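Novice: Questions regarding the structure given below will be posed in turn.
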Amino acid sequence: MLKLRIIPCLDVKNGRVVKGINFIDLIDAGDPVEQAKIYDRQGADELCFLDITASVENRELLLDIVNKTAKNCFMPLTVGGGVKSVKDIRSLLFAGADKVSINSAAIKNPKLITKGANNFGNQCIVVAIDAKISKNSSIKSGYEVFSHGGRVPTNIDAVDWAKRAVSLGAGELLITSMDRDGTKKGFDINLTKKISSSVSVPIIASGGVGCIKDFIDGFQEGGASGLLAASVFHFGKFKIHDVKKELKNKGLPVRI
Amino acid sequence: MSDIVILDYGYGNLFSIKSSLNELGISALCTKQFDKIINAKLIILPGVGSFYQAMKAVEKLHLDTAIKKALKKKSKILGICLGYQMLFEQSEEFGINKGLGLIKGKVISLNKINKSRNRIPNVGWRPILINKNNNILAESFNGKMVYFVHSFVPRATVEKEVSSFIKFGGTKIHSSIHTNNIVGFQFHPEKSGNVGLQILKDTIDYLI
């Protein structure tokens, strides 16, 4: 049986982790490669790097981080942030990424999803969707897609976009609730469920995890195949293996 | 001359495979050079991509000829993920396309066999069920978890050549193969932690 995935996410800016960790010694505190190694040892099922600066110079930095991580951690890596072209996807895959996540560029140019899937297979194209609750009547699902790291409203319905992204070739969707991100109030189950029941590809839910029950709800109620979290792991509130033990005790299929 | 070469044809996760071999203390050369390939003891065929594009790239570089020539000289070949699929006769990914034809069987879409409606692509960790009659994967790997990320899978014609299975969509699918000098894994041993590294080590120890 397929195991549910626990995926720590490292937001990287200028080559450093920014939802930082302040509980280990300062030298390595923000080093993404060192943090990746810790998560690997804790039994993470996959790692996610999101480059939140994504300028040209930083692209090299990100490739270097992916490269160093792949040299040391023999686990799946998903990388995103500023991916705009097939060339960007190829260079990330060559650096050691297994899947590449596309967000704003896919909204601007949906053909990029298809091009990426045709070249590298749809299993390696993840479309990341940042969604926020909307009262706008043209947004039927009640969730609007935002681009550019959540800064630009698109007037696109999140469920419609999810379905379209899959039909264009996305092999997985990473759904972030902007309302819940960083709040520790739990995943937006309604959003996760709406999307997981509308498409047949795996869904990774992100944004808002604060306690063990949130993980359980994300899988059981939300229908997610993977759950992504940043701060609860960075700040040491939970160790990944402890979370997985708890999930196992509740009868959920996890890899221990 | 390197004993082990990793084929560099533009569609592989070469770096991850090379890194995992490094970790095991095994050196390998990434190359597309004909003479280096035909003289290697073991050829690793990686692959992340679509079957058609990858086969086209292999043929353009005449690596298909190199592989077949090497096999005649008793070289061994290890295909991983898409590289495993390419060992077979054909795939139905983006239309019917011919593979290397080194193993009897066809690569089919997971959608075709998905009776219990699992999500596709098949992404994540699954326990492998070992075929006891194989020489590569020890029985101790039975139930051990490895990482998969794929939408297609080979269906080998000769089932006794299948070295492991996984349960998917209410049926069993062929997650690895071993026949004569050819080994293939649908999963990514180079991404499957210590279990994966051990599988790689055992395979290489057996083959060369």
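The values are calculated or read from the model by the stated rules, or taken from the named source; none is laboratory data. In this text the structure is predicted, and so the values were computed from the model without any measurement. Cβ sites come from the backbone with ideal geometry, for glycine too, and all protein chains shown count toward neighbours. Accessible surface areas use protein heavy atoms only, side chains included; no ligands, DNA or RNA. Shrake-Rupley method; radii C 1.70, N 1.55, O 1.52, S 1.80 Å.
Residue by residue, here is whether (1) farther than 24 Å from B:Ser109 by Cβ; (2) modelled with pLDDT of 95 or more holds:
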| site | (1), (2) |
| --- | --- |
| B:Asn134 | yes, no |
| B:Ser140 | yes, yes |
| B:Val146 | no, yes |
| B:Ala156 | no, yes |
| B:Phe165 | no, yes |
| B:Ile173 | no, yes |
| B:Ile182 | no, yes |
| B:Phe187 | no, yes |
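Novice: With open to solvent by less than 30 Å² (accessible area, probe 1.4 Å), in a helix (DSSP H, G or I) and away from chain B (no Cβ under 14 Å) as the only criterion, which of A:Asp214, A:Asp242 stands out?
Specialist: Matching residue, one of A:Asp214, A:Asp242: A:Asp214.
Novice: Those residues that are among the aliphatic types (A, V, I, L, M) and within 11 Å of chain A (Cβ to nearest Cβ), I need them from region B:158-192; list them, please.
Specialist: B:Ile166
Novice: Oh, and also: Return the residue satisfying two criteria in turn: it lies in region A:111-168 and is of a type in the set (D, E, K, R) and open to solvent by less than 50 Å² (accessible area, probe 1.4 Å), and of such residues it is farthest from the other protein chains (Cβ to nearest Cβ).
Specialist: The residue in question is A:Glu144.
Novice: Look through region A:211-256, keep the residues that are modelled with pLDDT of 95 or more and of a type in the set (S, T, N, Q), and return whichever of them is farthest from A:Cys9 (Cα to Cα).
Specialist: Only one residue tops the list, namely A:Asn249.
Novice: Determine whether region B:74-89 contains at least one residue that is modelled with pLDDT of 95 or more, within 14 Å of chain A (Cβ to nearest Cβ) and surrounded by fewer than 16 Cβ atoms within 10 Å (Cβ to Cβ).
Specialist: Checked against the condition, which is being modelled with pLDDT of 95 or more, within 14 Å of chain A (Cβ to nearest Cβ) and surrounded by fewer than 16 Cβ atoms within 10 Å (Cβ to Cβ), region B:74-89 yields no hits at all.
Novice: Find all pairs meeting these conditions: Cβ atoms under 8 angstrom apart; at least six residues apart or on different chains; first residue within region B:95-120 and away from chain A (no Cβ under 14 Å) and open to solvent by 30 Å² or more (accessible area, probe 1.4 Å); second residue of a type in the set (Lys, Arg) and outside any helix (DSSP H, G or I).
Specialist: B:Lys106/B:Arg155
Novice: When you go through (1) open to solvent by 20 Å² or more (accessible area, probe 1.4 Å); (2) within 14 Å of chain B (Cβ to nearest Cβ) one by one for A:Ala95, which number turns out not to apply?
Specialist: Unmet condition: (1).
Novice: Yes or no: region B:135-149 includes at least one residue that is among the β-branched types (Val, Ile, Thr) and more than 23 Å from A:Ala117 (Cβ to Cβ).
Specialist: Yes, that holds for at least one residue.
Conditions (1) of a type outside the set (A, V, I, L, M); (2) within 27 Å of B:Ser109 (Cα to Cα); (3) modelled with pLDDT of 95 or more, marked per residue:
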{"residue": "A:Val66", "(1), (2), (3)": "no, no, no"}
{"residue": "A:Val79", "(1), (2), (3)": "no, yes, yes"}
{"residue": "A:Asp88", "(1), (2), (3)": "yes, no, no"}
{"residue": "A:Phe94", "(1), (2), (3)": "yes, yes, no"}
{"residue": "A:Ile113", "(1), (2), (3)": "no, yes, yes"}
{"residue": "A:Ala117", "(1), (2), (3)": "no, yes, no"}
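Novice: Residue by residue through region A:56-85, note down the ones that are part of a helix (DSSP H, G or I), within 11 Å of chain B (Cβ to nearest Cβ) and either open to solvent by 10 Å² or more (accessible area, probe 1.4 Å) or in contact with a Cys (Cβ under 6 Å, 6 or more places away or on another chain) (or both).
Specialist: Scanning region A:56-85 gives A:Leu63, A:Asn67, A:Lys68, A:Lys71, A:Asn72.
Novice: Only one of these conditions is not met by A:Glu172: (1) under 15 Å from the mean Cα position of the chain (by Cα); (2) among the acidic types (Asp, Glu); (3) more than 30 Å from B:Phe94 (Cα to Cα). Which number is it?
Specialist: A:Glu172 satisfies every listed condition except (3).
Novice: How many residues does region A:140-152 hold that are at pLDDT 95 or above and touching a Ser or Thr at 6+ places or on another chain (Cβ under 8 Å)?
Specialist: Count: 5.
Novice: Next up: Just name the residue that is surrounded by the most Cβ atoms within 10 Å (Cβ to Cβ) out of those in region B:1-52 that are of a type in the set (Ser, Thr, Tyr) and outside any loop (DSSP other than H, G, I, E, B).
Specialist: B:Ser16
Novice: Cβ contacts < 7 Å: first residue at positive phi, restricted to region B:133-153; second residue among the small types (Gly, Ala, Ser) and open to solvent by less than 30 Å² (accessible area, probe 1.4 Å), any location; separation 6+ or different chain. Result?
Specialist: none
Novice: Residues being open to solvent by 20 Å² or more (accessible area, probe 1.4 Å), touching a helix residue (DSSP H, G or I) at 6+ places or on another chain (Cβ under 7 Å) and within 16 Å of B:Leu82 (Cα to Cα): count how many of those fall in region B:128-177.
Specialist: Total meeting the criteria: 1.
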